[in-house]
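These notes are about the structure you will find just below.
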Amino acid sequence: MTLGRVVGNIVATIKEENFRGSKLMLVEPYDVLKKRFTETTILAVDIVDSGIGDTVLVLYEGGSARMLLRNEKNPCEAVIVGVVDRIDFEI
């Protein structure tokens, strides 16, 4: 599971069959130990209706993501599974 921030969305009129009807978002992962967002971006299927600027939980493991989408043939690697309301932690 990865914590991140939605930084954009993907609009594609033509998609691979398994992605039709899916909302695709770009997520910047957050490095909890370094207390900053990373310089990488994850493409994730959104199943919780997140929006740009939202802090989200991303399931970032292909097998589990496909299981969650109930489609073993889906080439999905990451799924947004939650929108975070608040974070409380100390390091």
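Points to keep in mind about this one:
- Among (1) more than 15 Å from residue 4 (Cβ to Cβ); (2) modelled with pLDDT of 85 or more - the single one residue 79 does not satisfy: (1)
- Filtering the stretch 11-35 to residues that are under 21 Å from residue 83 (Cβ atoms), surrounded by 10 or more Cβ atoms within 10 Å (Cβ to Cβ) and not hydrophobic (A, V, I, L, M, F, W, C) leaves 22, 23, 28, 29, 30, 31.
- Within the stretch 12-32, being under 19 Å from residue 56 (Cβ atoms) and either at pLDDT 80 or above or part of a loop (DSSP other than H, G, I, E, B) (or both) holds for 22, 23, 24, 25, 26, 27, 28, 29, 30, 31, 32.
- Verdict on residue 86 being of a type in the set (Lys, Arg), at pLDDT 85 or above, loosely packed, with under 11 Cβ neighbours inside 10 Å and in a loop (DSSP other than H, G, I, E, B): yes
- Taken across the stretch 36-47, residues that are without any contact (Cβ under 8 Å) to a residue 12 or more places away in the chain and assigned to a loop (DSSP other than H, G, I, E, B) do occur, with at least one present.
The values are calculated or read from the model by the stated rules, or taken from the named source; none is laboratory data. This structure is a prediction, so every number in the text was calculated from the model and none was measured. Because the Cβ atoms are built from the backbone with ideal geometry, glycine has one as well, and the counts that use them run over all protein chains shown.
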